[in-house]
Structure formats: structure tokens, C-alpha cells
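The values are calculated or read from the model by the stated rules, or taken from the named source; none is laboratory data. Keep in mind that this is a model prediction, so the values were computed, not measured. Don't worry about glycine lacking a Cβ; one is built from the backbone with ideal geometry, like all the others, and counts go over all protein chains shown. Surface areas here come from the heavy atoms of the whole protein model, side chains and all, with no ligands, DNA or RNA. Shrake-Rupley method; radii C 1.70, N 1.55, O 1.52, S 1.80 Å.
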Amino acid sequence: LLAGFGSLMQDVLWCFSQVKGTIDTGVTESDIISTVEFNHTGELLATGDKGGRVVIFQREQESKNQPHRRGEYNVYSTFQSHEPEFDYLKSLEIEEKINKIRWLPQQNAAYFLLSTNDKTVKLWKVSERDKRPEGYNLKDEDGRLRDPSMITVLRVPVLRPMDLMVEATPRRVFANAHTYHINSISVNSDYETYMSADDLRINLWNFEITNQSFNIVDIKPANMEELTEVITAAEFHPHHCNTFVYSSSKGTIRLCDMRTAALCDRHAKFFEEPEDPSNRSFFSEIISSISDVKFSHSGRYIMTRDYLTVKVWDLNMENRPIETYQVHDYLRSKLCSLYENDCIFDKFECVWNGSDSVIMTGSYNNFFRMFDRNTKRDVTLEASRENSKPRAILKPRKVCVGGKRRKDEISVDSLDFSKKILHTAWHPSENIIAVAATNNLYIFQDKVN
């Protein structure tokens, strides 16, 4: 839809039809979705929420009767990943909220994913079972052990068909390595290691070793009063296992090479855009903090999201971004009230489409924004059950800043800041997107002719 569709783009560009959305049955804090992630094939979509649950959706196979209708996503598995804990040494409650989910490439019939809350990363195996063994020798059919003296016949157990059951089992638990809250996890391209990042440190883990990790970045000063910035996000390069980037609350990005030294305190590249003195204000440092950083699929570019903009950086040019997109510049005059209601500290994510030609990120009022890097066109769409029925075409939304407002526009003073799109995901190869709006998950696809 957004790239490579030729002449069809003139009529259907930027129009997404809703595939499926969850039903709103009353919002509780634990139901709020906190992360969304497609797997490497796009056949599965995982969400995590503030209640510590992981819900996996699976894409149904295309119907033979309707070959042009693409498969919809339905619930595949639901399991409790994390539970609330209490750190007695620090008198600190540890929330069960899922901060991030990352899939591992599928190697066999089972699926593997990493999920993390503030302190603990878990590796989960999700597998299917449609047969059950019967005819045990040492156990009866109820699973109770039999008296060995009563066993007179040796039986050969057999496998009987059963209703399909999806099991989620924890295979590894990586704990006790972070003093501060984990904000990022990223799987390395060698698929043997991954990293977890908190405010001041980044640790490197081996999937087979749970009791030891290597600290590869440590920005904690000797005197905490001298602390000037924190780590906000980190990600491995998609192809080079030795390279990773991390962003900071000062709006800077550091690219590190693990071949240089075991401790990557010295970066290989440093990306920063000089601030325009004319735009300097009380809120400058807050809105320049980077909330998300993502490598492009090609590995050539880095995308960062701060409060008001999305920026695309070329790895070969450190002094300024090659592209800057204004997400909601009309909020610049509202920063004072956004500071008072704490919205200015919201952490928005950003994603690439499969070909790196379009980028997407969220905004307020359940709006989400898309930017076409080739045509420089952009659009604002709304994820709302009121105006998007299944298979209905989403209409672009516009925000009015001045006094006069057109019929199809919404005033900036009418925006609902309690409704926000923080978490989004894009199918790795198709124009299918997932948008989390509070406790609702919306899945949109490009218009099907």
C-alpha cells in the first residue's frame, strides 16, 4: 500500500481497513497493553500488558473460498509471564508489567520469545500438543503412581489424538542483574546472545547461562549527584553481531563496537543534532530525550523518536539526521500543560515498514502517524472503535491549530491526552500494522481491492 503498489497508490494510498480489534469490557490498569511485537514471519503477534500477561495472536490461513481475503489474527495463546514481587532488601515493589517482548527466529515447531518486566527477563517456549500418551506402566490413567507389586503386565504406551493445546513453558529465567528498571531487550544477530538495558547499564547475556551476564556499558558516575543523563533504549545491529546502539535522555545516540573493548564505555560513533538557540526553552531537555531507537532492516539507518519528532540518521553521518518528521508540532504551544499533567514524559515508540520506506509512530487522541520517506507524504489516522468498523476504510484526520476549523478537522484544544498510542508494530513483509490503544489492540491492513 505505502510503497511499490504503482498506480493503485493514487486511489488507496494511506487507507487501512481494520481486521480485528479486541472488545472493550471496562478498562482496568492491568489490562493496559504495554508492548506489541510481530515475530520474524509475521504469522504471530504478541502483546504484553501491565498485569504481566502475554497474549499471542496467530494469523489464520487464507480461505480457499475467498483467496483474496487475507487471514485474520485470532488468539493463539495466553499466559502469565510475570507476577508482582517484593524486594525485601530494598523495600521495593517490583511490578509485573511487561516492558518488552522480543521473538527469536523459529528453528523448529516451537516458538521462543523473551519477555521482561523491570527486573527479570524470561525465555518462553510456546509449543503445540495434539496427542497424549496413554498406557503407562507405573501410573494409572489419572496420573497416580501404581503399586509396583500389582503390575503384572508390561504395556507399550501409545499416543492418542486430542484437542489441540498450546503450552507456554518458561525455559530460562535471567534475574538479579539490574539495579535499575529494564527499558530494553534486544536479540543479537548471532542468536546466541541478547542484551538488556536499564537506566545506567547494559548487560550481555548468553541464552544458555542464566546466572552470569557481562556488563558492556556502565555510565553510572562515582557520585550520583554528578549524573546528567540516563540510557533510554538500546538495540543490536540487525546483521553485525558486534555492533549496537543506545540512546540517552540528552537526545544523543552512541554506536558501540564490542570488538574494541570488553567494556564499551568509549563509543565508536556519536550522533547528536546541535540545538537551535532560538528554540531553547525550559522544556528543551525534556522533549529532546529519546524514547525509542530502531535500526532499519537494512542496517544502514537509525530511527529515533523524541517527544515531538521522529528522526532518521545515516550511520555514516553523525552531526545531524538526514530526515526529521514533525509528529505533533501543534503541541509545542501546549508544553506547559503537558508538563503539569506528566504527559510530556510519555515514551512513544516508532517502527519501520518491511522495506524501510515508511515509518510509523503514535500520538494523542488515539492518533498514529505515518511518513513516506520517498514521497514525503504523511497521514494521521485514528484507532477508535467508534469510527472504525471491521473492514471499514480509515479516513485521514487533521488537527486544527488556528481559530477557524473545517468540518473534518479536530481542534488541538479538543484532543484527549488520556488516549495515546505508545506501542505499535509493523508486519515484517506486508502492510499490516498493530496499534495498541489503552487496552484495545487494533490490527489494520492495506485496502484489498
Next on the checklist: Among the residues of region 235-248, are any among the aliphatic types (A, V, I, L, M), in contact with a Leu (Cβ under 6 Å, 6 or more places away or on another chain) and assigned to a strand (DSSP E or B)?
Outcome noted: yes
Checklist entry - Does any residue of region 383-399 turn out to be in contact (Cβ under 8 Å) with a residue 12 or more places away in the chain, part of a strand (DSSP E or B) and surrounded by fewer than 20 Cβ atoms within 10 Å (Cβ to Cβ)? => result yes
Checklist entry - For residue 96, all conditions in the list (1) over 26 Å from residue 230 (Cα atoms); (2) in contact with a helix residue (DSSP H, G or I) (Cβ under 9 Å, 6 or more places away or on another chain) hold save one; what is the number of the exception? => result (1)
Checklist entry - For residue 179, are the conditions met, namely being hydroxyl-bearing (Ser, Thr, Tyr), more than 22 Å from the chain's Cα centre (by Cα), under 22 Å from residue 99 (Cα atoms) and surrounded by 11 or more Cβ atoms within 10 Å (Cβ to Cβ)? => result yes
Next on the checklist: Consider region 255-299. How many of its residues are outside any loop (DSSP other than H, G, I, E, B) and under 27 Å from residue 335 (Cβ atoms)?
Outcome noted: 12
Item to check | residue 209 being modelled with pLDDT of 95 or more and under 29 Å from residue 311 (Cα atoms) | outcome: no
Checklist entry - Right, residue 52: on the phi > 0 side of the Ramachandran plot and either modelled with pLDDT of 95 or more or in contact with a Lys or Arg (Cβ under 7 Å, 6 or more places away or on another chain) (or both) or not? => result yes
Next on the checklist: Suppose we filter region 238-281 for residues that are closer than 22 Å to residue 183 by Cβ, of a type in the set (S, T, N, Q) and either open to solvent by 60 Å² or more (accessible area, probe 1.4 Å) or in contact with a Cys (Cβ under 8 Å, 6 or more places away or on another chain) (or both); how many remain?
Outcome noted: 1
Item to check | region 400-413, subset without any contact (Cβ under 8 Å) to a residue 24 or more places away in the chain and open to solvent by 50 Å² or more (accessible area, probe 1.4 Å), residue nearest to residue 362 (Cα to Cα) | outcome: 413
Checklist entry - If you check residue 155 against the conditions, is it part of a strand (DSSP E or B) and either within 30 Å of residue 233 (Cα to Cα) or among the charged types (D, E, K, R) (or both)? => result no
Next on the checklist: Tell me yes or no: at least one residue of region 164-173 is more than 26 Å from residue 291 (Cα to Cα), without any contact (Cβ under 8 Å) to a residue 24 or more places away in the chain and acidic (Asp, Glu).
Outcome noted: no
Next on the checklist: Suppose the filter is free of Cβ contacts under 8 Å to residues at least 24 places away in the same chain and out of contact with any Lys or Arg (no Cβ under 7 Å at 6 or more places or on another chain); does residue 238 pass it?
Outcome noted: no
Item to check | All positions within region 219-237 that are exposed (fewer than 14 other Cβ atoms within 10 Å of the Cβ) and under 23 Å from residue 305 (Cα atoms) | outcome: 227, 228
Checklist entry - Are there any strands (runs of 3 or more DSSP E) wholly within region 307-374 with 1 or more residues that are in contact with a Ser or Thr (Cβ under 8 Å, 6 or more places away or on another chain), among the β-branched types (Val, Ile, Thr) and closer than 13 Å to residue 294 by Cα, and if so which? => result 309-314, 350-352, 358-362
Item to check | In region 409-449, the residues that are among the charged types (D, E, K, R) and either in a loop (DSSP other than H, G, I, E, B) or within 15 Å of residue 57 (Cβ to Cβ) (or both) | outcome: 416, 419, 430, 447
Item to check | Residue that is nearest to the chain's Cα centre (by Cα), among those in region 154-167 that are of a type outside the set (Asp, Glu) and open to solvent by less than 100 Å² (accessible area, probe 1.4 Å) | outcome: 166
Next on the checklist: Can you tell me which residue is farthest from residue 98 (Cα to Cα) among those in region 120-143 that are in contact with a Ser or Thr (Cβ under 9 Å, 6 or more places away or on another chain) and basic (Lys, Arg)?
Outcome noted: 125
Next on the checklist: I'd like to know if region 193-206 contains one or more residues that are under 21 Å from residue 52 (Cβ atoms) and open to solvent by 30 Å² or more (accessible area, probe 1.4 Å).
Outcome noted: no
Checklist outcome for this item: In the set 185, 209, the lone residue that is under 21 Å from residue 100 (Cβ atoms) and open to solvent by less than 50 Å² (accessible area, probe 1.4 Å) is 185
Next on the checklist: Being open to solvent by less than 70 Å² (accessible area, probe 1.4 Å), of a type in the set (D, E, K, R) and modelled with pLDDT of 95 or more is the requirement here; does residue 334 meet it?
Outcome noted: no
Next on the checklist: Being buried (at least 16 other Cβ atoms within 10 Å of the Cβ), under 24 Å from the mean Cα position of the chain (by Cα) and within 29 Å of residue 39 (Cα to Cα): is that true of residue 288 here?
Outcome noted: no
